[in-house]
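Notes follow the structure.
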Amino acid sequence: MIDLIFISLAGMVTLGLQTTSMAFLVSSAYKPDLMLVLIVWAGLRLPFAMGAAFAFVAGVGVDTLSGSPLGLFGLIYALVCVACGYLGGVVRIEGRTGRTILVLVAALWTGVAILLARLLRGPIGFGWHVTGWIIAKALITTGAALVVFPCIDWARLGFSKLMGERRPVSRPTDYA
């Protein structure tokens with residue numbers, strides 16, 4: 001329950017930052033995808049069902065506020081969260097380097113998925129500018145992840161201290 005409350009609050013803060021404040025600091029075409037960083041964190045740290053459900057709901061929120069087709073980011077983020085959860089369980093991704101590489105791959109995949117979705121809507125101009133945009137946005141998001149991951153871990157630690165972690169009560173056993 002504490003994880004659900006934390007990830008909901010973190011998602012609202014991230015969505016607010018991504019849609020409002022970041023536009024003052026960085027051009028809208030190249031602002032980092034902070035929600036993607038949070039989705040990767042959720043995929044590595046939260047239980048599967050909670051992480052995937054959060055990713056889909058957060059993606060629908062991004063769709064609603066960004067004007068993209070409803071469900072596009074929901075589907076992309078849910079797939080990213082499932083892939084991160086799987087890789088985190090199989091390969092045991094730990095440390096800053098592993099998480100950063102995972103964000104880079106997720107950001108590149110997200111850029112390609114958005115490009116394919118735009119191609120399905122109709123013809124678009126494809127060239128170096130589109131490829132450069134995908135690579136630049138992925139690198140910017142990866143750079144932001146180096147700052148955001150420790151902040152999320154710090155916030156989660158503080159939140160769990162504030163709310164109190166519920167641990168199972170040990171029951172005395174009968175040794176007779």
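What follows is calculated from the coordinates using simple rules that are stated; it is not laboratory data. For clarity, every value in this text was computed on a predicted model and none was experimentally measured. Here the Cβ is made from the backbone with ideal geometry for all residues, glycine too, and neighbour counts use every protein chain on show.
When the stretch 135-165 is limited to residues that are closer than 24 Å to Ile114 by Cβ and either without any contact (Cβ under 8 Å) to a residue 60 or more places away in the chain or of a type in the set (D, E, K, R) (or both), the one that is surrounded by the fewest Cβ atoms within 10 Å (Cβ to Cβ) turns out to be Val147. Of the residues making up the stretch 12-33, those that are surrounded by fewer than 20 Cβ atoms within 10 Å (Cβ to Cβ) and outside any loop (DSSP other than H, G, I, E, B) are Met12, Val13, Leu15, Gly16, Leu17, Thr19, Thr20, Ser21, Met22, Ala23, Phe24, Leu25. Yes or no: Phe73 crowded, with 20+ Cβ neighbours inside 10 Å and either under 14 Å from the mean Cα position of the chain (by Cα) or under 24 Å from Val147 (Cα atoms) (or both)? Judged against the criteria, Phe73 is a match.
Would you confirm whether or not the stretch 36-49 contains a residue that is without any contact (Cβ under 8 Å) to a residue 60 or more places away in the chain and not in a helix (DSSP H, G or I)? The answer is yes, given that some residue of the stretch 36-49 is without any contact (Cβ under 8 Å) to a residue 60 or more places away in the chain and not in a helix (DSSP H, G or I).
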